[in-house]
Structure formats: structure tokens, C-alpha cells
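Down below is the structure, laid out as C-alpha cells.
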Amino acid sequence: MFKIFFGAEPHNYQEALKCDKEGYLAFFHRMLASGIFLPPSQFETNFVSAAHSEEDIEKTLKAYTENL
């Protein structure tokens, strides 16, 4: 389970609200264009599953590297 926020590292919900929602949405769309579907809200979390292959993980890491 993991999440990326755009802004200072939040430690609670109030701090998370101050993060860059527009920046996350732009990142979401870049990732989608790269074939990676992330939660569309920065307030939802990401999960890695045993169902993900090594290839899935490598593709995702490459997309993160290119789109951040």
C-alpha cells in the first residue's frame, strides 16, 4: 500500500488537504496515457498485489520514472 502526494509530506488529513490536487490530477492523466491506472483522487491509496507480475511492476516503475 502506498500513495504519492505533491507537496510537503502530509502527516494527517489537514496537511494532505494542502497538497497539490491539480498536480496529482495531471500526474494521474500522464500515468493513464502510459497505460497505468491509478486512483483518480489523491486521497485514495495504491496497492501492489500478488496478482501483479514482475513485468507489471517494471512497467509501472518505468511509467512513474517518466511521469513524475
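The values are calculated or read from the model by the stated rules, or taken from the named source; none is laboratory data. Keep in mind the model is a prediction, meaning the values are calculated, not measured. For neighbour counting, all protein chains shown are included, and Cβ atoms are generated from backbone atoms with ideal geometry for every residue, glycine included.
Observations on the model:
- Failed item, numbered, when PRO40 is tested on (1) surrounded by 11 or more Cβ atoms within 10 Å (Cβ to Cβ); (2) modelled with pLDDT of 95 or more: (2)
- Note on the chain: enclosed helices (runs of 4 or more DSSP H) holding 2 or more residues that are among the basic types (Lys, Arg) are 21-33, 54-67.
- Residue check for MET31: in contact with a Phe, Trp or Tyr (Cβ under 6 Å, 6 or more places away or on another chain) and either at pLDDT 95 or above or exposed (fewer than 10 other Cβ atoms within 10 Å of the Cβ) (or both): no
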